[in-house]
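Okay, structure first, notes after.
The numbers here are math on the coordinates, done by the rules we state, and not lab data. In this text, all values refer to a predicted model and were calculated from it rather than measured experimentally. Please note: Cβ atoms are built from the backbone with ideal geometry, for glycine as well, and neighbour counts cover all protein chains shown.
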Amino acid sequence: MKIALAGNPNSGKTTLFNAITGHIEHVGNWAGVTVAKKEGDLKPELNPTASPLRIIDLPGAYSLSPFTSEESITSQFVQQEQPDVIINIVDATSLNRSLFFTTQLLELGIPVVVALNKSDLLSKKDITIKVDLLADRLHCPVVETVSLDHTGLAELIEQAIRHSDQRQSAPFQGVSIDQITNKPLAEKNDRARFRFVDRLVEQVEKRAISSRQQTRQDAIDRIVANRFLGIPIFALVIYLVFSISQSWLGPWLADTFVGWIDQVYELVDSLIGSDVTPFLRSLMLDGIIGGVGAVVGFLPLIMVLFFLLALLEDSGYMARVAVVMDRYFKKVGLSGKSIIPMIIGTGCAIPGIMATRTIKNERQRRTTAMLTPFMPCGAKLPIIALFAGVFFEDAAWVGTTMYFAGIAIIILGALIVQRITREAPGRSFFLMELPEYRWPSLKRAFMSMMARAKAFIVKAATIILLCNAAIQLMQTFNWQLQLVEEGMQHTSILATIASPFAIVFIPLGFGVWQLSAAALTGFIAKENVIGTLAVVYGISNFIDTEEFVLISGAADVAAVMGLTSVSALAYLMFNLFTPPCFAAIGAMNAEMESAKWLWAGIGFQLGMGYSVAYVVYQVGSLITQGHLGTGWLAGLIVVLGFLGLLIGLMLRPTKHQLGLKEAA
Amino acid sequence: MMLTNIILSLILIAMVVLAIRKLIRDKQSGVPCAGCPQAKQCPSQAKASPFITVKPDCGPSRQDR
């Protein structure tokens, strides 16, 4: 038996799905978190039948019209897969808007049970709903639920099972779904449906506070989403998040954690003893435990950061950030919807890129997929934490600057793509429901943090472990498969592969094979940058256990790497703003559906990362040392070549202009 | 010394084999990125390799956009 969960965006479908299946899917207090269907089995304690019940969580939809892409997933599923029953999750505080979709679902001939979700908020908002009358008018059962504390869920499932084989008559009969593609007819039908819903809501709902009245939430929004104050407030919030995660709480936790990793290192070291072959000893201790340990050492910092971001998301603030950014994105030819993939991309670029599928305009979708990886994802956070901690005393501003540098590059990139594609700026409308502010749930934030921590550990135990083992082997042997002797590391397989790239990086301030090798392995997974640095420099952890601050021991690490603070910043920005990992490039390919766009995107990311790192290093060297850095002329030629290519593409005559020229 | 080397080699090989097996299993079950909490959202849509085509049964088709 299949039960589909369908409803408007941000009505609480995924929270309900998690509650009845025991899954830990990502939820957020804003619309557009779910962009594809998810499946799971009903918890046995909620299942009164002997057979398993399959639950399908569908993306939020305002209607079954196939005019928008996210709605078409829900529309296609309910029409083609024919679930046995649909649980329609309705936000009890927004009955008027929600019932439009409900009446469409009731026309499909599939039994529907309405979950009047968030019903705990009704009393707070002085709203009364006559539930029995609503059920009578809709011709289907209506159950009051609160997904957050599991209220009414058992009754909801019981009603769904009981009504799964019963026929229901639709309270409103519109045109069939097949005729919805006829737009004038569909609009006429929609107007009639809205009138029906309005009349129904008048009968069943009583509001003490008119929706036109200004609430405390409206007053907060006027400040938080203000066109002038919105960005500084966002900057302050991100700064606080980085301060707590990378300057205060995170390092304190990391310090304890790294102490345990060191104990593991010492334990394995003592178990191995001194009899073992140096090569095997080095592979186990330096390559695997040292390399993986260096990456995993940053886990507490990342967990704190994700916990704080989950709190922000749950509070409803991130939806306001989308509104603040919308006006800037529209000006550079992006959709207002582009901000949603970018916010999701701060966790991981892959789901962020996947979320671009909700953008209808092909050019905007491809541009967003191309630019989303510029937002620093979770995998890049250890790199930020390492460089901020080792080279800069105040770690928090570095992370904040990287986020805003990412946003600035996205805006610049969008402007360039708009000029290259010559798409006339059209009027763009972005309607996004602003969710209620609420006290964020510590439990949900904790679950979100643990899911990401698990992901980080699995990645460290698989991809990072394999890469570090390979790096250690390539560093230990030369091309004749002989062990590399002390002081001859430049003859190793790794050094000979990375050295040609190091030449290219001289104008960026990090023209040594060790740093080049780390940057190259970052394309497999960005955390590899840390692991590779640990292996090639023989540093088992970057977080000192002796003193309770991340930046202690920094001078030693900086001296070993041979980087100045300026070249370290350039290296950090190069790793953040060049193409993402291969998995994210795969997602870009899937969403762009164009080899030309994919390769143009990769080329743009490479050129942009190189140019930003060059400018940071050369300008930084001029300011701090009074002269330009090494290789400035060669680098300038490369950067000017990239700029020239972009300008050439922007100024090239269009097919229309070429046609006029030929005619003349 | 010989025995210690053999045991350590076996442990290293086991670690590598287990890591590769986990990656292959994830790939077969449609997880594009090992351990990713969102990876199972839509197995056929976001593959790790640019050379795998997108199946139309998950997410909107190109015509719908």
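3J(HN,Hα) along the stretch A:488-498: 10, 4, 5, 9, 5, 4, 4, 5, 6, 6, 7 Hz, from the Karplus curve 6.51 cos²θ - 1.76 cosθ + 1.60 with θ = phi - 60°, whole Hz, x for Gly and Pro. On a per residue basis, the convex hull of the C-alpha atoms belonging to the stretch A:230-651 measures out at 146 Å³. Shape annotation for the stretch A:2-207: C-alpha extents along the principal axes are 47, 39, 34 Å, from largest to smallest.
From least to most packed, judged by other beta carbons within 10 angstrom and beginning with the fewest, A:614, A:62 follow the order A:62, A:614. A dipole drawn for the stretch A:256-363 from +1 and -1 charges on Cβ atoms has a positive end, and of A:315, A:290, A:264 the residue lying farthest that way is A:315. Using θ = phi - 60° in the Karplus curve 6.51 cos²θ - 1.76 cosθ + 1.60, the 3J(HN,Hα) couplings for the stretch A:520-537 round to 5, 5, x, 6, 7, 7, 4, 5, 4, 4, 5, x, 5, 4, 5, 6, 6, 9 Hz; x is entered for Gly and Pro. The residues A:497, A:359, when put in order of fewest to most other Cβ atoms within 10 Å, stand as A:497, A:359. Beyond 53 Å, what share of the Cα-Cα pairs of the protein assembly as shown is found? Please give it as a whole percent. Value for the protein assembly as shown: 16 percent of Cα pairs lie more than 53 Å apart. Shielding by partners for peptide B:11-23, expressed as the average number of C-beta atoms from other protein chains within 10 Å of each residue's C-beta, is 4.
Among A:370, A:449, a tally of other beta-carbon atoms within 10 Å of each Cβ gives an order, fewest to most, of A:449, A:370.
Calculated mean residue ellipticity at 222 nm for the protein assembly as shown: -18000 deg cm²/dmol, from DSSP H runs with n ≥ 4 weighted as -39500 (n - 2.57), summed, divided by the residue count and rounded to 500. Taking amide H atoms as placed 1.01 Å from N in the peptide plane, the amide H of residue A:7 lies under 5 Å from those of A:61, A:89, each 5 or more residues away in sequence or on another chain. By the rule of a C-alpha distance below 27 Å, with chain neighbours fewer than 8 residues away ignored, the lysines paired with residue A:118 are A:2, A:13, A:37, A:38, A:43, A:130, A:206, A:337, A:443.
Between the listed residues A:406, A:592, A:382, the Cα displaced farthest toward the positive end of the dipole of the protein assembly as shown, a dipole computed from Cβ unit charges relative to the Cα centre, is found at A:592. Each Lys and Arg Cβ is given +1 and each Asp and Glu Cβ -1; about its Cα centre, the protein assembly as shown then shows a dipole of about 2760 debye.
Counted over chain A, the DSSP beta bridges are approximately 35% antiparallel.
Taken one residue at a time, the phi angles of the stretch B:8-19 give Karplus couplings (6.51, -1.76, 1.60, θ = phi - 60°) of 5, 4, 5, 4, 4, 4, 4, 4, 5, 4, 5, 5 Hz. Gly and Pro are set to x.
Calculated on the alpha-carbon coordinates, the convex hull of the stretch A:252-318 measures out at 73 cubic angstrom per residue.
Here is the result for the stretch A:263-303: no chymotrypsin sites (Phe, Trp or Tyr not before Pro) lie in DSSP coil with at most 11 other C-beta atoms within 10 angstrom of their C-beta. Cross-link partners of residue A:596 among lysines, defined as those whose alpha carbon lies under 20 angstrom from its own and excluding same-chain residues fewer than eight positions apart: A:360, A:655, B:47.
Segment residue A:627..residue A:256, full-extension length gain: 129.3 nm, with 0.36 nm per residue of separation and the alpha-carbon distance subtracted. Take every pair of alpha-carbon atoms less than 8 Å apart whose residues are at least six positions apart; their mean separation over the length of chain A yields a relative contact order of 13 percent.
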